[in-house]
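A short worksheet on the structure shown next.
The values are calculated or read from the model by the stated rules, or taken from the named source; none is laboratory data. Only a predicted model underlies this, so the values are computations on that prediction, with no experimental measurement involved. Neighbour counts run over all protein chains shown; Cβ positions are idealised from the backbone, glycine included.
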Amino acid sequence: ADSTATADTTAAAPDTANYLSQPLVTDIYTADPSAHVFNNKIYIYPSHDIEAGTPENDNGDHFDMRDYHIFSMDSIGGKVTDHGVALDIKNIPWAKRQLWAPDAAFKNGKYYLYFPVKDKQDVFRIGVATSTSPTGPFKAEAKPIAGSYSIDPAVFTDTDGTSYMYFGGIWGGQLQRWAKGKYDSTATPEPATGNALAPKMAKMRADMLGFEGPVKDVQILDENGKPFQATNHDKRFFEAAWMHKYNGKYYFSYSTGDTHNIAYAIGDSPTGPFTYKGVLLNPVQGWTNHHSIVEFKGKWYLFYHDTQLSNQTHLRNIKVAELTYQPDGTIKTITALKK
Ligand code: FUB
C-alpha cells in the first residue's frame, strides 16, 4: 500500500533548510539512487521504474523493472544527463524478472555495476556487469556472484583499497528465506520473536567479480550493545544498505521498510559492529525509502527518492539534499518536504 506517512517529530530536529525539492529526472521514473564521484563528476546509478502492469502485492511484484539508465551531473543543481540504457535484462543470461536497486564501483581501470534480479527459479541473486566507461554499456557476467542472494547491493571501497559488499532485504527481498543457510521459499516474511534478521556483507575479491571469504552478518546494536528485536520495526534493518566513511568512522545506513525511515549506525571498522544513532531521513512520499550518501567538492549529499511525479508507490523519482553533520559526528535528520 502507498504511504504518505508524516515526519517523526520525536527524531532529532529536522533539517529542512537545505532541501532541494525538485525531482532530478522527470521524463522517466527513477528510484534507489546510488551516487558516486568518478573523475570529478557525480554519476547516479538508480533503478528505472516502469508501469509493467504487474499487480501489486506484499512481495513487491509490481516493481517489475527491466533495464538501467545511468545519469551524470557536473554540479549539484546543474544539468542532469541521461546516458541511456546501460544494461537490459534481456542481456543478463541468468535473469528472469525484477531489476532492483543497483550500485557501482571503480577499480582496476574498470567500472562494475552490481544489481539484484530474480533468476529463472524466481530467487533473487546479485549479478555484476563491467564496462570501461562509468555510463556503460555494461556487459553482464554469465552467472550471478557465487554465494550471493537477496537484494540491494552496496559496494564500498575503503581508503586502503579493500572493497566490501553490503546487501540484503527482507519480505519481497527474500533475506528471511536464507536464515537457515539454504533457500527456503516457505519462510515467513520475518521472524516474529527473537533477534531481527541482520543485513549481510562480504569482502570483494581483487577482481571485483566475486566474494573473497564467507558472507557475514552486519551487526547493528543498540546503545546497550544488544541487537534489535525482530518486533522493533522502527529500528531494525529492512533493506537499502549503504556504507560511507566520515572522519575515520564507518556509517552503515539502511531503510526500516514498513516504518519508512532511513536509519544509521556508526562503527570503527567496515566490518562492524555498528551502533544505532538515529534517523537521517524521515519517511518520504511513497512506501519505499532508499538512499545513498556521497561527498562532492567538500560537501556531503543525500540522494533519495519519493513519488512526487506519480503519487504511485512503484513509480518514483530521484532527488538530492545536502547532508549536515553535527560536531559529534551524528547526522542532522532530513525531512523531505512534500510539494
Ligand atoms: O526498487 C525496488 C526495491 O524497492 C529496492 O530494491 C528496495 O530497496 C526498494 O526501494
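On the stretch given as region 157-205, residues that are more than 16 Å from the ligand (Cβ to nearest atom) and part of a strand (DSSP E or B) total 8.
Among the residues of region 95-113, the one identified as within 16 Å of the ligand (Cβ to nearest atom), of a type outside the set (A, V, I, L, M, F, W, C), farther than 19 Å from ILE293 by Cβ and outside any strand (DSSP E or B) is GLN98.
Within region 233-245, if we keep just the residues that are part of a strand (DSSP E or B) and within 11 Å of the ligand (Cβ to nearest atom), the residue that is surrounded by the fewest Cβ atoms within 10 Å (Cβ to Cβ) turns out to be TRP242. If the condition is being assigned to a loop (DSSP other than H, G, I, E, B) and surrounded by fewer than 21 Cβ atoms within 10 Å (Cβ to Cβ), then region 288-301 contributes LYS297, GLY298.
Selection over region 246-274 of residues that are within 16 Å of the ligand (Cβ to nearest atom) and more than 25 Å from HIS305 (Cα to Cα) gives a count of 0. Scanning region 159-191 for residues that are more than 30 Å from ALA206 (Cβ to Cβ) and either of a type in the set (A, V, I, L, M, F, W, C) or within 15 Å of the chain's Cα centre (by Cα) (or both) yields ILE170, TRP171, GLY172, ALA179, ALA187. Filtered by the rule that a residue be surrounded by fewer than 19 Cβ atoms within 10 Å (Cβ to Cβ) and either in a strand (DSSP E or B) or modelled with pLDDT under 95 (or both), region 302-333 gives GLN312, GLU322, TYR325.
Of all residues in region 66-80, those satisfying the criterion of being hydrophobic (A, V, I, L, M, F, W, C) and either part of a strand (DSSP E or B) or at pLDDT 95 or above (or both) are ILE70, PHE71, MET73, VAL80. Within region 114-127, the set of residues being within 14 Å of the ligand (Cβ to nearest atom) and out of contact with any helix residue (DSSP H, G or I) (no Cβ under 9 Å at 6 or more places or on another chain) comprises TYR114, PHE115, LYS118, ARG125, ILE126, GLY127.
Matching residues to (1) surrounded by fewer than 19 Cβ atoms within 10 Å (Cβ to Cβ); (2) in contact (Cβ under 8 Å) with a residue 40 or more places away in the chain; (3) over 25 Å from ASP61 (Cβ atoms):
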site	(1), (2), (3)
THR157	yes, yes, yes
TYR164	no, yes, yes
TRP171	yes, yes, no
ASP184	yes, no, no
ASN195	yes, no, yes
MET208	no, yes, yes
VAL215	yes, yes, yes
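Taken over region 265-283, the criterion of being closer than 14 Å to GLU223 by Cβ and either free of Cβ contacts under 8 Å to residues at least 40 places away in the same chain or among the hydroxyl-bearing types (Ser, Thr, Tyr) (or both) is satisfied by GLY267, THR275, TYR276.
Give all pairs with beta carbons closer than 9 Å in which a residue from region 122-145 that is farther than 17 Å from ALA101 by Cβ and surrounded by fewer than 17 Cβ atoms within 10 Å (Cβ to Cβ) meets a residue that is of a type in the set (Gly, Ala, Ser) and modelled with pLDDT under 95; count only pairs at least 6 apart in sequence or on separate chains. Qualifying pairs under 9 Å: none.
Yes/no matrix, rows are residues, columns are (1) in a loop (DSSP other than H, G, I, E, B); (2) within 16 Å of the ligand (Cβ to nearest atom); (3) touching a His at 6+ places or on another chain (Cβ under 6 Å):
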residue	(1), (2), (3)
TYR43	no, no, yes
GLU51	yes, yes, no
THR54	yes, yes, yes
ASP64	yes, yes, no
ASP82	no, no, yes
PRO93	yes, no, no
ALA129	no, no, no
